[in-house]
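Down below is the structure, laid out as structure tokens.
The values are calculated or read from the model by the stated rules, or taken from the named source; none is laboratory data. A quick note: this is a predicted structure, and the numbers were derived from the prediction, not measured. With ideal geometry, Cβ positions are generated from the backbone for all residues, glycine too; neighbour counts draw on all protein chains shown. In case anyone asks, the SASA skips ligands and DNA or RNA and just uses the protein heavy atoms, side chains included. Shrake-Rupley method; radii C 1.70, N 1.55, O 1.52, S 1.80 Å.
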Amino acid sequence: MTLKPLNVSLRPSVVLQEFYTDSPKTCEDYGRIINRQHFKRIVGLMEGSTVAVGGDHDESQCYIAPTVLQDVTSDSRVMQEEIFGPLLPIVTVGGVDEAIQFINQREKPLVIYVFSNSSKLIKRVIAETSSGALLANDCLVHFTVSALPFGGVGHSGMGCYHGRHTFDQLSHLRSCLIKKLKMEGVNSMRYPPHTARKLGWARFLLLKHVDVYCMRRMTLLAMALGLAALVVQRFWR
């Protein structure tokens with residue numbers, strides 16, 4: 001598969017104009033960076049890349065225009081940390097193989113967005129990458145689906161949340177095993193002296209992963225069936 005050369009000179013600016021008018025800085029729908037510390041951090045991320053669209057910023061208002069960056073490499077500052085700002089770095093690749101390789105050579109992302117009309121391609125990206133989540137043909141909306149767990153993997157985060165997933169994540173699942181003070185004879189095989197017969201049974205139970213309690217239930221069931229058979233034979237002759 002060969003991807004077409006990227007042209008970011010026209011379409012992004014048209015969309016930004018539709019969303020935020022010719023002057024995003026004066027548009028009521030366009031927000032600001034939370035404080036000057038993060039403003040300076042985000043502005044610094046532009047270093048080493050070419051601004052294709054936007055790039056304007058005003059520290060007095062913590063304003064950074066919607067910005068598209070090109071000529072971005074894997075070593076560019078904007079590729080070294082999470083952005084949390086209005087910067088979109090563009091990294092060109094020669095095809096799907098190279099795109100997947102690019103993802104897998106780095107820490108696992110919080111989410112992978114893939115845009116394609118091909119369900120086969122989408123399934124391939126799912127199968128050959130790892131991330132906290134994957135969203136096809138949209139952005140962010142997976143966060144609004146409470147039935148889906150939200151979280152990262154590796155450096156992108158730990159655990160998963162939303163609905164029942166949050167309850168399980170923040171709850172300690174306490175293991176409780178309760179035995180009755182009966183049938184101690186069955187447990188005698190665990191105690192010294194460890195005869196060959198006891199060791200044989202222990203080896204059988206460990207290697208075969210036999211559930212002792214299941215064996216007890218099966219034994220009781222067999223005894224009940226045997227008793228039932230005797231009753232039927234006695235009263236149906």
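Assuming 0.36 nm per residue, please report the length gained on full extension of the stretch Val141 to Ala202 beyond their Cα-Cα distance.
Values: separation 61, 0.36 × 61 = 21.96 nm, distance 5.35 nm.
Value of the extension gain: 16.6 nm.
Taking the alpha carbon gyration tensor of region 106-203, what are the square roots of 5 times its eigenvalues, largest first, to the nearest whole Å?
Details: eigenvalues 488, 75, 30 Å².
Semi-axes (√(5λ), whole Å): 49, 19, 12.
Please work out how much length the chain gains when fully extended from Ile83 to Met158, using 0.36 nm per residue of separation minus the C-alpha to C-alpha distance, in nm with one decimal.
On the way: separation 75, 0.36 × 75 = 27.00 nm, distance 1.93 nm.
Net length gain for the segment: 25.1 nm.
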Defining a contact as two alpha carbons under 8 Å apart and six or more residues distant in sequence, what relative contact order in percent does the chain show?
10 percent
With a 1.4 Å probe and every protein chain left in place, tell me how much accessible area Ser130 has, in Å² to the nearest 10.
50 Å²
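If you stretched the chain out fully between Met223 and His194, how much longer would it get, using 0.36 nm times the residue separation minus the C-alpha to C-alpha distance? Don't jump to the answer; show the numbers that get you there.
Working: separation 29, 0.36 × 29 = 10.44 nm, distance 2.90 nm.
Fully extending the segment from Met223 to His194 adds 7.5 nm.
Calculate what fraction, in whole %, of the accessible area of the chain sits on carbon and sulfur atoms when a 1.4 Å probe is rolled over the protein chains. Mind showing how you got there, number by number?
Numbers: 10640 of 17750 Å².
With neighbouring chains kept in place, the figure for the chain is 60 percent.
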Translational diffusion coefficient (Stokes-Einstein; Kirkwood radius from C-alpha pairs) of the chain at 37 °C, 0.692 mPa s, in µm²/s:
134 µm²/s
Starting from the amide H of Ile112, placed 1.01 Å from N in the peptide plane, find each other amide H under 5 Å away whose residue is 5 or more places distant or on another chain.
Ala133, Leu134, Leu135
Give the angle, between 0 and 90 degrees and rounded to the nearest 10, that separates the Cα long axis of helix 11-20 from the longest principal axis of the Cα atoms of the chain.
90 degrees
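Students often check this: by mean Cβ neighbours within 10 Å, which of 123-129, 67-73, 87-93, 197-203 ranks highest, and how do the rest follow? The partial results should precede the final answer.
Numbers: 123-129: 14.0, 67-73: 19.0, 87-93: 16.4, 197-203: 11.9.
Top of the packing list down: 67-73, 87-93, 123-129, 197-203.
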Region 38-57 scanned against label point 7 Å out from Ser13 along Cα→C-beta; backbone N under 11 Å for 52-54
How much net charge surrounds Leu110 when only the other residues with a Cβ under 15 Å from the Cβ of Leu110 are counted, with Lys and Arg +1 and Asp and Glu -1?
-1
Treating each Cα of region 51-182 as an identical point scatterer and ignoring solvent, apply the Debye formula and state log10 I(q)/I(0) at q = 0.15 Å⁻¹.
-0.92
In Hz, Karplus ³J(HN,Hα) per residue of region 150-155 (6.51, -1.76, 1.60; θ = phi - 60°; x = Gly, Pro)
10, x, x, 8, x, 5
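What is the Cα convex hull volume of region 87-160 when expressed per residue in Å³? Walk me through the numbers before you get to the answer.
Numbers: hull volume 8.3 nm³, N = 74.
Given the Cα convex hull of region 87-160, per-residue volume reads 112 Å³.
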Give me the Debye-computed log₁₀ of I(q)/I(0) at q = 0.30, 0.31 Å⁻¹ for region 146-201, equal point scatterers on Cα only, no solvent, two decimals.
-1.07, -1.09
Using the Karplus curve 6.51 cos²θ - 1.76 cosθ + 1.60 with θ = phi - 60°, work out ³J(HN,Hα) for each residue of region 119-135 in order, rounded to whole Hz, and write x for Gly and Pro.
5, 5, 5, 4, 5, 5, 4, 4, 6, 9, 10, 9, 7, x, 8, 9, 10
Strictly greater than 17 Å: what percent of every Cα pair in region 10-104 meets that?
54 percent
